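Every number in this text was worked out from the coordinates using simple rules, so none of it is lab data. Note that the structure is predicted; figures quoted are calculated from it, not measured. In this analysis, Cβ positions are derived from the backbone assuming ideal geometry, glycine residues included, and neighbour counts consider all displayed protein chains.
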Amino acid sequence: MAKRDYYEILGVSKGATATEIKKAYRKMALKYHPDKNPDDKDAEAKFKEAAEAYEVLSNDDKKARYDQFGHQAFEGAGGFGGGGMNMDDIFSHFGDIFGGGGGFSGFGGGFGSGGQRRVKGSNLRIRVTLTLEEIANGVEKKIKVKRKVQAPGTTYKTCSTCNGSGQVARVTNTILGRMQTASACPTCGGAGQSIDKKPADADAQGLKPTEETVSVKIPAGVVDNMQLKVSGKGNEAPGNGISGDLLVVIEEEDHATLKREGDNLHYDLYVSLPDAVLGTSKEIDTVTGKVRIKVEAGVQSGKILRLRGKGIPSINGYGKGDLLVHVNVWTPKTLSKQQKEFFENMKNDEHFEPKPESSDKSFFEKVKDMFS
Ligand SMILES: [Zn+2]
């Protein structure tokens with residue numbers, strides 16, 4: 001059965017706020033709660049489905065991944081791939097939704113984790129180097145991946161140990177009576193199938209290496225070492241197993257003039273003494289191209305000019321960082337005789353006396369402001 005869209009499940013639009021999402025989920029949870037719908041399998045499924053949707057849409061990180069990659073983002077290990085969410089997980093979130101942990105008491109069993117185990121191919125990990133400009137704007141990368149796929153001509157037969165169920169039952173006698181537990185078949189590893197025939201160039205699992213170009217959409221705002229998952233683009237699994245995932249690890253290239261700090265960028269601007277005294281305009285680098293900025297006459301060294309929204313977009317979609325331009329007044333190290341005389345004459349000139357005003361914040365105050 002195809003998985004329904006999480007927004008559709010909760011009956012909200014893609015642009016819904018966190019409050020709207022929470023409200024919608026509360027409504028669904030109350031309607032389909034198992035205490036209100038005893039022995040109703042349909043309600044149980046809807047209850048679980050809503051919980052899963054809320055689990056993702058209420059979490060900024062998961063929501064961003066879902067918006068980008070859809071259900072693919074959570075398939076397989078660590079996701080909801082197995083038997084869906086477990087009831088304990090769902091109820092553990094209820095304190096948050098219904099407040100103070102009240103509302104519903106505990107919930108008596110009845111839901112097995114279920115689900116047939118499917119063998120999963122191994123994951124592949126690949127590093128991708130991005131420029132700051134690519135990170136700022138988002139980019140689609142074509143990545144060459146060496147992955148194992150099922151070799152054509154490989155045939156499978158039903159595993160004789162488990163008769164294809166992938167599970168073997170074990171009966172044990174306990175003080176509570178006879179208990180039957182199921183575990184993965186040791187012969188086929190849970191796949192229910194084993195290799196019948198395979199071509200000579202295939203490995204023991206009937207797989208062979210290929211090179212494939214995978215297109216990966218990288219959202220704006222990713223950070224160094226972040227890992228993006230492309231579901232199903234890892235190694236294939238034998239038989240009816242599911243493919244592993246391709247894990248794309250982000251590597252950020254150093255920029256020649258811009259330094260990144262979270263979503264903010266820093267740029268060191270050097271101005272000459274005459275420019276600082278008389279005022280000027282300077283061209284600076286940004287992640288979207290060069291920009292000309294005005295430097296006021298009488299600018300102090302250490303002044304920070306903040307260009308709002310010229311930083312990196314937040315990966316969670318909350319606006320953009322700023323570009324902070326640090327003004328450094330360049331003091332000449334050598335002077336001509338004439339220039340030296342000029343400055344000698346200015347030594348006791350009142351215009352050259354430092355007179356910091358309250359609006360000229362100290363370096364430490366500026367640093368404090370920058371992080372606030
Ligand atoms: Zn088996």
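Within the stretch 35-54, the set of residues being more than 33 Å from the chain's Cα centre (by Cα) and either outside any helix (DSSP H, G or I) or in contact (Cβ under 8 Å) with a residue 40 or more places away in the chain (or both) comprises Asp35, Lys36, Asn37, Pro38, Asp39, Asp40.
Scanning the stretch 282-313 for residues that are within 24 Å of Ala136 (Cβ to Cβ), surrounded by fewer than 18 Cβ atoms within 10 Å (Cβ to Cβ) and not hydrophobic (A, V, I, L, M, F, W, C) yields a count of 11. Within the stretch 150-158, identify whether any single residue is near the ligand (Cβ under 8 Å from one of its atoms), part of a loop (DSSP other than H, G, I, E, B) and more than 30 Å from Val222 (Cβ to Cβ), and answer yes or no. Checked the stretch 150-158: no residue is near the ligand (Cβ under 8 Å from one of its atoms), part of a loop (DSSP other than H, G, I, E, B) and more than 30 Å from Val222 (Cβ to Cβ). Could you list all residues from the stretch 178-189 that are of a type in the set (Val, Ile, Thr) and in a loop (DSSP other than H, G, I, E, B)? Listed by number, the list holds a single entry, Thr187. For Ile242, the stated conditions hold: it is among the hydrophobic types (A, V, I, L, M, F, W, C), surrounded by 17 or more Cβ atoms within 10 Å (Cβ to Cβ) and under 30 Å from Val119 (Cβ atoms). Counting the residues of the stretch 162-176 that are more than 16 Å from the ligand (Cβ to nearest atom) and either touching a strand residue (DSSP E or B) at 6+ places or on another chain (Cβ under 7 Å) or under 19 Å from Gln193 (Cβ atoms) (or both) gives 2.
Hey, does the stretch 215-233 have a residue that's within 16 Å of the ligand (Cβ to nearest atom) and assigned to a strand (DSSP E or B)? Checked the stretch 215-233: no residue is within 16 Å of the ligand (Cβ to nearest atom) and assigned to a strand (DSSP E or B). Among residues of the stretch 142-170 that are touching a residue at least 60 places away in the same chain (Cβ under 8 Å), those with a Cβ under 8 angstrom from a residue that is of a type outside the set (A, V, I, L, M) and within 8 Å of the ligand (Cβ to nearest atom), sequence gap 6+ or separate chain, pair up as Tyr156/Gln193; Tyr156/Ser194.
Within the stretch 190-210, which residues are assigned to a loop (DSSP other than H, G, I, E, B) and within 18 Å of Gly166 (Cα to Cα)?
Once the filter is applied, which keeps residues that are assigned to a loop (DSSP other than H, G, I, E, B) and within 18 Å of Gly166 (Cα to Cα), the stretch 190-210 yields Gly190, Ala191, Gly192, Gln205.
Selection of strands (runs of 3 or more DSSP E) fully inside the stretch 236-355 by the criterion of at least 3 residues being touching a residue at least 12 places away in the same chain (Cβ under 8 Å) and β-branched (Val, Ile, Thr) returns 246-252, 280-286, 289-295, 323-330.
Scan the stretch 140-149 and tell me whether some residue there is loosely packed, with under 14 Cβ neighbours inside 10 Å and either touching a helix residue (DSSP H, G or I) at 6+ places or on another chain (Cβ under 6 Å) or part of a loop (DSSP other than H, G, I, E, B) (or both). Checked against the condition, which is being loosely packed, with under 14 Cβ neighbours inside 10 Å and either touching a helix residue (DSSP H, G or I) at 6+ places or on another chain (Cβ under 6 Å) or part of a loop (DSSP other than H, G, I, E, B) (or both), the stretch 140-149 yields no hits at all.
The numbered conditions (1) within 16 Å of the ligand (Cβ to nearest atom); (2) surrounded by 14 or more Cβ atoms within 10 Å (Cβ to Cβ) are all true for Lys198 except (1). Can you say whether Val230 is within 20 Å of Asn123 (Cα to Cα) and surrounded by fewer than 20 Cβ atoms within 10 Å (Cβ to Cβ), as far as the supplied structure shows? Spelling it out, it is not the case that Val230 is within 20 Å of Asn123 (Cα to Cα) and surrounded by fewer than 20 Cβ atoms within 10 Å (Cβ to Cβ).
When Leu176 is tested against (1) in contact (Cβ under 8 Å) with a residue 60 or more places away in the chain; (2) of a type in the set (A, V, I, L, M, F, W, C); (3) surrounded by fewer than 19 Cβ atoms within 10 Å (Cβ to Cβ), just one condition goes unmet, and that condition is (1).
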